[in-house]
Amino acid sequence: MADEVLRMQNITKIYSNGFIANRDVNLVVQRNEIHGLVGENGAGKTTLMKMLFGMEVPNEGKIFIDGKEEKIANPLDAIHKGVGMVHQHFMLLPSLSVAENVTLGIEPVKNGLYDFERAVADTQAIADKYNFKIDARAKVADLSVGQMQKVEILKALIKGAKILIMDEPTAVLTPQETEELFEQLFILRDDGVSVIFISHKLEEVMHICGRVTVLRHGACMGSYNTKDLTQASLSKLMVGRDVVLKIEKEDPTLGTPVVSIRDLVKINSFGKNVIDGLSFDIRAGEVVGIAGVEGNGQTELAQVLSGLGSFASGEALLNGESIKGKSVREIRDLGMAYIAEDRMVEGVAGNMSIKMNIVADRFAKKEFKKGLFMDAKKIDKLVDQYIKDFEIACDSPDEPVRMLSGGNIQKVVVAREFTSGANFLLACQPTRGIDVGTAEMIRKTIVRKAREENLACLLISADLNEVLECSDRLLVMRKGKIAAAFPKANQVSEDVLGEYMLGVREMTGAEMEGLL
Amino acid sequence: MSIDWVAFIADAIRLSTPLIFAALAALICRQAGMFNMGLEGMILWSALGAVICAHYSGSMWIGLLGGIAVGLVSGLIIAFASISGKADLYLTCIAFNLAATGGTVFVMYLLTGEKSTTAGAFRSYQIPNLGPDTPIIGGLFKLIEKIPVIGRIISGQSLLTWLALLSVVLVWVLLKKTRLGLRIRAVGENPHAAESVGISVPKVGYVSFSICGVMTGLSGAFLSMSFVTFFMKGMANGRGYIGLSAQNMANGEPIGSALASLLFGFCQELSTTMKNQTTFPTEFLEMIPYAATIIALGITGMLAIRRRRRVESGQAAAKEE
């Protein structure tokens, strides 16, 4: 067993914007092993694997394959060195057949024409060897997601992969498909292929992996034999707060419900229910936090509530009026303010001035107009005031927003959203990737506005510090549903929260009674 | 109003020829993931190139080859700007088309002193029509002509019309049956996926533009050496754009694109016939092929949107997508 296939040693990766994705990480994978790589979103799992697959270059550290030090220049090079990767988002061509997808790049040719029959035979041979029930002639678009994944695995195997990276392979599978995949991974393992299994589903990791390496905030929390761990101890290793943040706040005085969501369902373009029967209220004066591993419907919920996305069924009321079919402008007029998840995409227009970005939601209103035109004097005065209030560091209000630092761009966003006069604030990852000072200002302002101005706030965040400290009530989202609800966020321990986020435990409807 | 329907169909097929070449040119680029709006200009340059080469060499065949070569070079120019130069493809194509509108007239003026047509200054050369008088296979056409109705449609069509039909098959084989075709489709559908298995995306782009150039070359040569036998200012007359629309209606499939081209060819012939037979204003009739294009694109677009809406609202299974 002590046959070492891969050693990644003291790997450090710092992105050009200063973000440390991996800090001194070690990973050792043996032959005939399924090795788990676990951690929360943003813990650095994908970055580590991108370096192994030649998509990123480490700043420090060495990679050994079969005991030999290797520099992996690009994915093609990685494939030549026996590394295959099954991406979370499939790299497939849906309009082509399975065999064409699998042999692309190494196509068999006969008499100058593509030898489709050979491709089918080669593909089928490998599929049969590993017991993949798949028709090599089928069109990929007609396959289920589980079968598409098998095509991805076949693509790696036909090129002779000895190390197979599976990036969250079960995220898209049904329980039956997952079970089938595991059996095939066992066959692969016994045949001498090493599998690196990236996941945050603990039961799966415990079930199939012999050893597991845990990453948290880019740092390596060590490698363990799964038989020495319990799900609870593993979740404790994964989920944690580095620095504990405290926000002093008194209990909320609850008002009437500002937002009511009933049986909300959103279906994505693959026909999957990304929001699956969600119901809860947000009352005036409270901050409702939503925690959860990313990709469990939080982004979609924000899209629905902000009006950027539609929903299939159910009801969403804002101040008593349904938002179904309403435009973003109409929903804003009903009283919504929105701090978007990705500020560069939905938060600001990068090439426009700070001034224009701040008044973007209100320049058309009567009070900012003078006849046909914008009231320049009034706008200038207001913007100058906000730049002072929110301490936006800039040369002039006419500077394009993209010239600012991340924190200052976010200040421009909150200067607009906090002053819009709305009574519902939808805040998605409001402090992601910005400096500590600005983050603290934003968090404190959210809490203060809830207390003093009776603002209802929905705070969706992947930052545990933030949801635990800023929120009054805390909901956990998993698979498009509410998995748990807590009346007082700052009394929830992160261990318990981690267990609900990762699906180790789930609350029943009765337990959450009165908390939604 | 009396119409000779057989002649009508024969003429409609003749009018479809440059459209079929244009549609094939457009669909090769589309399959490789590029929307080539520069077809119009490419056809125009090719038409001029064919006439010039024929005149100075004194050979119809060299004229045809010249047209193809000019088309090829045009395609490579656009490919170079957009692939190697990383210029925006649409803007490159628009610039190329505008340059072709003026440039062809300028070149024509330099060589002939004329600004509207080469008719008087250059000798006319015609690419042969295949009929009973054609050497070697003439006998075959004598037999074909005896078939009622169909015989008169088939006989007397240009060599290039036959080549257009053959090209439909060749392009189909290229795309569906060869390694290059597979790679073109792969790059067009998902360049990242293609790149991840070691396919050179720029190389496939250049090859696609080259094939596209040959097709536009044939389209242009048909216009100036078969449809008429001289070059005329602006003679592409929107055929590049109609070709683009035709392949768009058929989702980039060669056979469907050829059928759509035939439909547009029929519309053109319809407007020509009605011009002669009725008292409708000519300007209105000339609008028919272009109006048909807009209507056809509108309908195909609406169908696609409706399908997507149904999936997202949960009324249909995702598989129908």
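Scan the stretch A:304-332 and report the pairs whose first residue is on the phi > 0 side of the Ramachandran plot and whose second residue is of a type in the set (Asp, Glu), with Cβ atoms within less than 6 Å and a gap of 6+ or a chain change.
A:314/A:263
Does the stretch A:77-87 contain any residue that is part of a loop (DSSP other than H, G, I, E, B), under 27 Å from residue B:191 (Cα atoms) and either within 14 Å of chain B (Cβ to nearest Cβ) or polar (S, T, N, Q) (or both)?
yes
If you take the residues of the stretch A:267-285 that are in contact with a helix residue (DSSP H, G or I) (Cβ under 7 Å, 6 or more places away or on another chain) and without any contact (Cβ under 8 Å) to a residue 60 or more places away in the chain, which of them is nearest to the other protein chains (Cβ to nearest Cβ)?
A:271
Residue A:124 - would you say it is more than 10 Å from chain B (Cβ to nearest Cβ), under 25 Å from residue A:49 (Cα atoms) and open to solvent by 40 Å² or more (accessible area, probe 1.4 Å)?
It is false that residue A:124 is more than 10 Å from chain B (Cβ to nearest Cβ), under 25 Å from residue A:49 (Cα atoms) and open to solvent by 40 Å² or more (accessible area, probe 1.4 Å).
Could you say whether any residue in the stretch B:16-32 is over 16 Å from the mean Cα position of the chain (by Cα) and touching a residue at least 24 places away in the same chain (Cβ under 8 Å)?
yes
Which members of the stretch B:208-223 meet the condition of being hydroxyl-bearing (Ser, Thr, Tyr) and either more than 16 Å from residue B:175 (Cα to Cα) or without any contact (Cβ under 8 Å) to a residue 60 or more places away in the chain (or both)?
B:216, B:219
Inside the stretch B:193-208, can you point out the residues that are among the aliphatic types (A, V, I, L, M) and assigned to a loop (DSSP other than H, G, I, E, B)?
B:197, B:199
Take the residues in the stretch B:33-43 that are open to solvent by less than 10 Å² (accessible area, probe 1.4 Å) and in contact with a Lys or Arg (Cβ under 9 Å, 6 or more places away or on another chain); name whichever of them is nearest to residue B:218 (Cα to Cα). Quick ask: steps written out before the conclusion?
So in the stretch B:33-43, the residues open to solvent by less than 10 Å² (accessible area, probe 1.4 Å) come out as B:36, B:38-39, B:41-43.
With in contact with a Lys or Arg (Cβ under 9 Å, 6 or more places away or on another chain) added as a condition, the list becomes B:36, B:39, B:43.
Working: B:36: 17, B:39: 12, B:43: 8 Å.
Among those residues, the one meeting the criterion is B:43.
Confirm whether residue A:73 is more than 10 Å from chain B (Cβ to nearest Cβ), crowded, with 23+ Cβ neighbours inside 10 Å and not in a strand (DSSP E or B).
no
Working carefully through the options A:186, A:182, A:132, find the one that is in a loop (DSSP other than H, G, I, E, B), open to solvent by less than 60 Å² (accessible area, probe 1.4 Å) and more than 13 Å from every other protein chain (Cβ to nearest Cβ). Can you show your working first?
Details: A:186 fails: in a loop (DSSP other than H, G, I, E, B); A:182 fails: in a loop (DSSP other than H, G, I, E, B).
It is A:132.
Within the stretch A:88-115, can you find the residues that are open to solvent by 40 Å² or more (accessible area, probe 1.4 Å), modelled with pLDDT of 90 or more and more than 8 Å from chain B (Cβ to nearest Cβ)?
Across the stretch A:88-115, the qualifying residue is only A:110.
Can you work out which of the residues in the stretch A:397-419 that are in a loop (DSSP other than H, G, I, E, B) and free of Cβ contacts under 8 Å to residues at least 40 places away in the same chain is surrounded by the most Cβ atoms within 10 Å (Cβ to Cβ)?
Among them, the one singled out is A:419.
Identify the residue in the stretch A:432-470 that is part of a loop (DSSP other than H, G, I, E, B) and under 16 Å from residue A:292 (Cα atoms) and, among all such residues, is least open to solvent (accessible area, probe 1.4 Å).
So, considering only residues that are part of a loop (DSSP other than H, G, I, E, B) and under 16 Å from residue A:292 (Cα atoms), the one least open to solvent (accessible area, probe 1.4 Å) is A:461.
Having 2 or more residues that are more than 30 Å from residue B:113 (Cα to Cα), among the charged types (D, E, K, R) and more than 14 Å from every other protein chain (Cβ to nearest Cβ) is the bar; report the helices (runs of 4 or more DSSP H) wholly within the stretch B:218-321 that clear it.
Those helices (runs of 4 or more DSSP H) span B:254-277.
I'm trying to understand the selection: among the residues of the stretch B:110-135, which are over 17 Å from residue B:64 (Cβ atoms) and outside any loop (DSSP other than H, G, I, E, B)? Spell out the reasoning first.
If we filter the stretch B:110-135 for residues that are over 17 Å from residue B:64 (Cβ atoms), which is where we start, we get B:110-117, B:119-121, B:131-133, B:135.
If the condition is that a residue be over 17 Å from residue B:64 (Cβ atoms) and outside any loop (DSSP other than H, G, I, E, B), then B:110, B:111, B:112, B:117 are the ones that fit.
The values are calculated or read from the model by the stated rules, or taken from the named source; none is laboratory data. Bear in mind that the values here come from a model prediction, so they are computed numbers and not experimental data. Note that we place each Cβ from the backbone using ideal geometry, even for glycine, and neighbour counts take in every protein chain shown. Side chains are part of the model used for accessible areas, which takes the heavy atoms of the whole protein and leaves out ligands, DNA and RNA. Shrake-Rupley method; radii C 1.70, N 1.55, O 1.52, S 1.80 Å.
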